[in-house]
Amino acid sequence: MTDQLIAPSAEHHGAAASVSWWRDAVIYQIYPRSFADSDGDGIGDLPGIRSRLPYLRELGVDAVWLSPFYASPQADAGYDVADYRTVDPMFGTLADARALIGDAHGLGLRVIVDLVPNHSSDQHEWFRRALTEGPGSPLRARYHFRPGQGADGELPPNDWQSIFGGPAWTRTTDPDGTPGDWYLHLFAPQQPDFNWDHPAVADEFRTILRFWLDLGVDGFRIDVAHGLVKAAGLPDVGAKTEWHLLDVGVSPCFDRDGVHDIYRSWRTILDEYPGERIAVAEAWAPTLDRVANYVRPDELHQAFNFSYLGTAWDAAAQRRVINESLTAMRQVGAPATWTLSNHDVVRHTTRLLQSDEGDVAGRKPAEVDPVAGLRRARAATLLLLALPGSAYLYQGEELGLPEVIDLPAEVRQDPAFHRATGQDGYRDGCRVPIPWEGDRAPYGFGPPDGGSWLPQPQNWANLSVAAQQGDPASTLELYRAALALRKADPALGAADNLRWCPAPEGLLAFERGAALRCTVNMTNEPIRVRRPGEALLTSGPIELSDDEVEIPPDTTVWWSV
Ligand code: GLC
């Protein structure tokens, strides 16, 4: 079988450029600490991931995106990087990373790594020296150090709030023990923001990009891509307390036009490498048109579609966001992307039912009926995989994992949880290690006595890969079947060819190419329509007669027409 594969290493790094592999790619997010633990310390690692790559090949995805595995004190699960060119010993070694990339390429899988350019760890050498060398240190200019306000500088330099809650500034102590300047951190205090106006910062990241490109990675996911550039003078926000929620032109630190110069310079580096190395932006911007700015032809390749992720399970709203996404991306010639889950949001098996209760962003998880949640999640996935463009899946969603909502406070690690007024704080529940096999924790995540850094629920045996494999009714087999059909049908994914069909209220119906129709019942009642053709794949049971079909609530059907 292996010799039938077109390994990215051969086509991608060879003379012939591949044809925009990323435009319709299905990219699977691996959260390294929760995927597979090879050494039994309860934390997933790179050798663990390597050992499970054949599973991903069989699942049918095109690429993996790995959340950060670099040297880090883990104040924000690795999104606080102390050394951008080193693998944290908790995850393995650079040799493991190289081997993982090689194995993945051998299996026809591409590898995207996370790049965290908005901030470093407070343990990064530049920041440590900036502190120990004191106020005169030239390294301070690479971050945002400022004197405080008030008679003794006891007040923060401006009124910005951290995304994780509390002020976005922390006061330093000078080497002589007296209170000193403050530094800016849009996230946790252990994540000082870089000053991107400093040429050394820009130079450093260009060499970091090359380091990983030379190692063979196929692309980067750019963390907080909208945050790097701040308004000159770091002005107060004033009364707009919800400023981080982004209104056009309001935020002094998000979605500033200056970020685009950075991405244009990165694009020239990506383009220097053979094949198509890509970058995907985690860019929170106020409108889809502003998001599209990140994927203009000379900038990054893709941007996550958080508008779609945050849209309620409602036919009119879904149709609107799908149209707006396609229109915005078409204007710049970029493919749309679609995501339902990632490591920052409530798993969609839980969240999509919650949206009925009004919490669309799903940041605060609530208990939902697991059967109804799974039914809706499966329907949502078949919708997602029928849309034009690129799809991002998050590890464990192919198993239908629900959000774990009852983690005790003492095991929770999300820094936002511990800064109680933060906007998030609930991100541990989607990060619980995934079950591979067996009837009790850690369900093959690691050796039987290895445990797991977050406890797994006692009732996950039926959700394991081994339990679902080969069962046609399972969610795992639904994903496999959908991905196989998507791969076999060039009209799916690839071109921007979605055509809406007339349909009763609450039913989404669209065609892709000449031969495939997707229908989604987003209401709470069954809907009976004329049967469009042969049912290729359904997210749940349907009732067919010769010329009619009854589609139950929360059910998606792919038809061959
Ligand atoms: C991004 C990451 C998130 C992290 C934050 C700060 O939003 O996805 O997990 O906490 O950036 O780096």
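The values are calculated or read from the model by the stated rules, or taken from the named source; none is laboratory data. Quick caveat: nothing in here was measured; it's all calculated off a predicted structure. As a convention, Cβ positions derive from the backbone with ideal geometry for all residues, glycine included, and neighbour counts pool all protein chains shown. To get the accessible areas, we keep the full protein, side chains included, count just its heavy atoms, and leave off ligands, DNA and RNA. Shrake-Rupley method; radii C 1.70, N 1.55, O 1.52, S 1.80 Å.
Some points to look at:
- Length gained on full extension, Ala514 to Ser265, computed as 0.36 nm times the residue gap minus the Cα-Cα distance: 85.6 nm.
- The chain: relative contact order in percent, alpha carbon pairs under 8 Å with at least 6 residues between: 13
- In percent, rounded to a whole number, the relative contact order of the stretch 172-245 is 17, using alpha-carbon pairs under 8 Å and six or more apart.
- Environment charge of Ser341, counting only residues whose C-beta is closer than 9 Å and scoring Lys/Arg +1, Asp/Glu -1: +1
- Within the accessible area of the stretch 440-561 (1.4 Å probe), percent carbon and sulfur: 51
- Accessible surface of the stretch 101-229, 1.4 Å probe: 52 percent of it comes from carbon and sulfur atoms.
- Applying 1/(1 + (r/R0)^6) with r as the Cβ-Cβ distance of Thr178 and Asp369 and R0 = 41 angstrom yields a FRET efficiency of 0.10.
- Note on Ala312 and Arg98: their simple-model spin labels are 5.4 nm apart, each label 7 Å out from Cα toward Cβ.
- With K and R counted +1 and D and E -1, the other residues having a Cβ less than 15 Å from that of Ser474 yield a net charge of -3.
- Span from the the stretch 96-157 Cα centroid across to the the stretch 22-60 one, whole angstrom: 26
- Using a simple spin-label model with pseudo-atoms 7 Å out from Cα toward Cβ, Val411 and Glu133 lie 4.4 nm apart.
- Rounded accessible area of Cys501 (nearest 10 Å², 1.4 Å probe): 20
- The length gained by stretching the chain between Ala481 and Ala151 to full extension, at 0.36 nm per residue less their Cα-Cα distance, is 112.1 nm.
- Neighbours of Thr172, meaning other residues whose beta-carbon lies under 15 angstrom from its beta-carbon, give a summed charge of -2 when Lys and Arg score +1 and Asp and Glu score -1.
- Whole-Å distance, taken between Cα centres, linking the stretch 523-560 and the stretch 273-330: 30
- Approximate spin-label separation Asp41-Arg85, in nm, with each point projected 7 Å along Cα-to-Cβ: 2.3
- Rolling a 1.4 Å probe across the protein heavy atoms gives the stretch 473-561 an accessible surface of 44 Å² per residue.
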